[in-house]
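The block underneath contains the structure these notes are about, expressed in structure tokens.
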Amino acid sequence: MVDERDATGGLWSHRCSWMDLLVRVPVGSGRQGLALEGDWPRRWTVTWRANEAEVSCPVRDLVQMPWLNSDPIRGFSWRRDQRHRPGLMFWSLGEEAWAEIINQLPPVPGPVQPTLDDRKRQEASAFILARVTQGAPRFAPRPIEAQQPQHTQREWLQRRGNTWHHFNREAPLAHYGALKNLLVHHADLLAATTGLISSEPAERFG
């Protein structure tokens, strides 16, 4: 591999590989400082965040812990060519903005009407953030969803794939096609106000 170090010996983060970041340390040297005698999986504990609070448990009990409500270390994925906007980690479409988008949708004939509830508003918000940041919607922050009861969060998670299937179709249904166009327009407006304007399309959603 070509050495990408600059004149000072520094390594640019956008030009390095995982191997450049690896510091090789013999396993044996680390074991000497660990108290592994007795029932160490019971004595050692792990701490993480869930529902905005810290949760701890012994190492041996990790496999039994529910992970659905655990919070990731980073609430959103930022590629190295993206400019970080911390405020977007807590952003979602407000009810008034969502109502304005809904009012622009063409009517759907027939008795079966599309659902445009808070769950759909959450997915629309994730769609917009994914386009603005050129990230993946699966990693988008979901503040609307986070405010729901646990059983509702599980239900929304199970239905998420169906929504993105409609957005990803080669020829989406008229409702989803119109909604997607409106969300793209809203995303471009958000990008302009946050200084994240980019001509690159967001990655395929899923």
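The values are calculated or read from the model by the stated rules, or taken from the named source; none is laboratory data. Since the model is a prediction, treat every value here as computed from it, not as a measurement. Positions of Cβ are backbone-derived with ideal geometry, glycine not excepted, and every protein chain shown enters the neighbour counts. Only protein heavy atoms, including side chains, enter the accessible area calculation; ligands, DNA and RNA are left aside. Shrake-Rupley method; radii C 1.70, N 1.55, O 1.52, S 1.80 Å.
A compact table of results
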quantity	calculated
Single residue of region 178-206 satisfying the filter (open to solvent by less than 20 Å² (accessible area, probe 1.4 Å) and either at pLDDT 60 or above or basic (Lys, Arg) (or both)) that is farthest from the chain's Cα centre (by Cα)	Leu179
Residue tally, condition open to solvent by 40 Å² or more (accessible area, probe 1.4 Å) and in a helix (DSSP H, G or I), over region 161-173	3
Hits in region 48-59 (condition: loosely packed, with under 13 Cβ neighbours inside 10 Å, within 22 Å of Pro141 (Cβ to Cβ) and not aliphatic (A, V, I, L, M))	Asn51, Glu52, Glu54
Subset of region 114-148 (residues that are out of contact with any Leu (no Cβ under 9 Å at 6 or more places or on another chain), over 13 Å from Arg160 (Cα atoms) and assigned to a helix (DSSP H, G or I))	Ala130, Pro143, Ala146
Search result, residues across region 148-161 that are within 16 Å of Ser125 (Cα to Cα) and at pLDDT below 90	Leu157, Arg159, Arg160, Gly161
Meets criteria (of a type in the set (Lys, Arg), at pLDDT below 75 and in a loop (DSSP other than H, G, I, E, B)) for Arg83	yes
